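Presented below is the structure to which this report refers.
Nothing in this text is a laboratory measurement; each read-out follows from the coordinates by a stated rule. Keep in mind it's a predicted model, so treat the numbers as computed, not measured. Glycine also receives a Cβ, built like all others from the backbone with ideal geometry; neighbour counts cover every protein chain displayed.
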Ligand code: ADP
Ligand code: MG
């Protein structure tokens, strides 16, 4: 990893930003470039300085840098885009409406989005797409090695109650020698482009509740529609936005898993949170499943599964009188999803059944941050994969990852906290620790002397190049310096020895204000985006 101090990094980013000129291209869009370099520099400094407040703050300076004509054109595009979202279902529940997370069709607002697609070099794009089937296979192989999962997580278990509960279910399945013949993985591997090393580095691999296959594919369509109309004046070619079939491809995987289960009257069970403002992302899959495969989906919370569910003696999972072929989890990845023992009983019940689980408890555990760190150790990938080229490709995408046993790394992280991210065993955004908090936490954990260090991993901090981007949220737009994270979906389905699907299945670009550390869209940190492939 880079040893250059952060100050120089920020300096470099600023210089590059000034050169690159942000998301709006220079030549054909000359009318669009902020008139004075001075204005842009002011924005960059404000947004990048250590004192800049975190979170999404409208960059008044940037807006001020545009002529009234430019502002008017952007405003026109924003309105077109917002209308497109409404008539095409690129929507989420509005936080301002109390019922929007529980009653479909009530209190909808367009999903937060970037007005223009994010530039992304075609070579890195290709690299990320090629990794998808390899990661799919890796997850499957690792999931079969129960001893490895238990051993790698044994110390985490001592200090992390949530991981302990998941491992307990996994252990029970190992004890009865439970085998999953039909295995379905709907993954999303997230990457950022590190400007220090000019490389594509993995942030994490999601094996449970990979979100936004539904809305993510719509954003690509939104951007293509906008560029079909405004591309000429902006100098942006709509054909450079890759097709994104994430929603139909995930639905296809669910439909094929359902077919493998081979019971025409069975349904797909979508396990959901009691309140879900991102329900339309999920309903897009429900729709495709119905339209293309004639498969019905029922939505239940973990508590409802506990109250209405049973497993018959032959292993059949029955909920509310309906046989379940596939359990698709869009909940169950966070401790808050299990407020009582009832939810844990539901999770165990489903795991014991013969229904296809997406994910199974093993697949879920493979996606933990601790396992990510273990797989990055020397010679570990070799335990699971045979193909040397595949192994090399995966390894190339790994950032520095360390356990906190490594005293030297802990010492470096205390000295230079800005070069690291401290991660607990959590999913869903908002949990990572950065900067001064990272330093304080490490010092505190060291003093405690116990096993508490085992609850975390350390990761090399990745520094993507920032660019000036118009973002739209709640009908309003503002411009700010942003960085992007590319998620590549992967679908994997097998039945015993037969691999039925192993695909890259679309993508999700998320863009956030560069002064914010976290990246979740649902968590309110980022906006949905798409990709504009470039030749550089
Ligand atoms: P979660 O399971 O909560 O999504 P992630 O590992 O994806 O956890 O981290 C959340 C966000 O934090 C990411 O979307 C990204 O924006 C940021 N992040 C995570 N790891 C790094 C890193 N190594 N360097 C820079 N940013 C990171
Ligand atoms: Mg993430």
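Worth a mention:
- Additional length obtainable on full extension of the chain from residue 243 to residue 385, 0.36 nm per residue less Cα span: 48.1 nm
- Cβ-derived FRET efficiency at R0 60 Å, residue 264 paired with residue 199, nearest 0.05: 0.80
- Measuring r between the beta carbons of residue 473 and residue 296 and using R0 = 30 Å, the FRET efficiency lands at 0.30.
- Relative contact order computed over the chain (Cα-Cα under 8 Å; 6+ residues apart), in percent: 26
- In the chain, the convex hull through the Cα atoms has an average projected area of 23.9 nm², a quarter of its surface area.
- Applying 0.36 nm per residue to the separation of residue 408 and residue 443 and subtracting their alpha-carbon distance, the gain on full extension is 11.3 nm.
- Inter-label distance, nm, simple model (7 Å from Cα along the C-beta direction), residue 392/residue 130: 1.0
- Calculated FRET efficiency for the pair residue 103/residue 312, C-beta based, R₀ 25 Å, to 0.05: 0.15
- Crossing angle, helix 68-88 versus the chain [Cα axis fit, 0-90 degrees, rounded to tens]: 20
- Degrees separating the helix 341-352 axis from the principal Cα axis of the chain, which is the longest one: 70
- The chain: angle of helix 37-48 to the longest principal axis, Cα-based, in degrees nearest 10: 30
- Measuring nothing but how far apart in sequence close Cα pairs (under 8 Å, 6+ apart) lie, relative to its length, region 439-536 scores a relative contact order of 18 percent.
- Working ranking of peptides 175-183, 205-213, 458-466 by packing, defined as the average number of other Cβ atoms within 10 Å per residue, highest first, is 205-213, 458-466, 175-183.
- Cα gyration tensor shape of region 64-151, rounded if a/c is under 1.5, else prolate or oblate by comparing a/b with b/c: oblate
- Region 297-408 - percent relative contact order, Cα under 8 Å, separation 6 or more: 22
- Per-residue ellipticity at 222 nm computed for the chain from its helices equals -13000 deg cm²/dmol, with DSSP H segments shorter than 4 residues left out and the rest contributing -39,500 (n - 2.57).
- Global form of region 361-432, assessed from the alpha-carbon gyration tensor, a/c cut-off 1.5: oblate
- Global geometry of region 453-507, whether rounded, prolate or oblate, following the gyration tensor of its Cα atoms and the 1.5 cut on a/c: oblate
- Here the peptides 394-405, 297-308 are ranked by packing, the mean other Cβ count within 10 Å, and the order with the highest first is 297-308, 394-405.
- Residue separation of residue 221 and residue 147 scaled by 0.36 nm, minus their Cα-Cα distance, works out to 22.2 nm of gained length.
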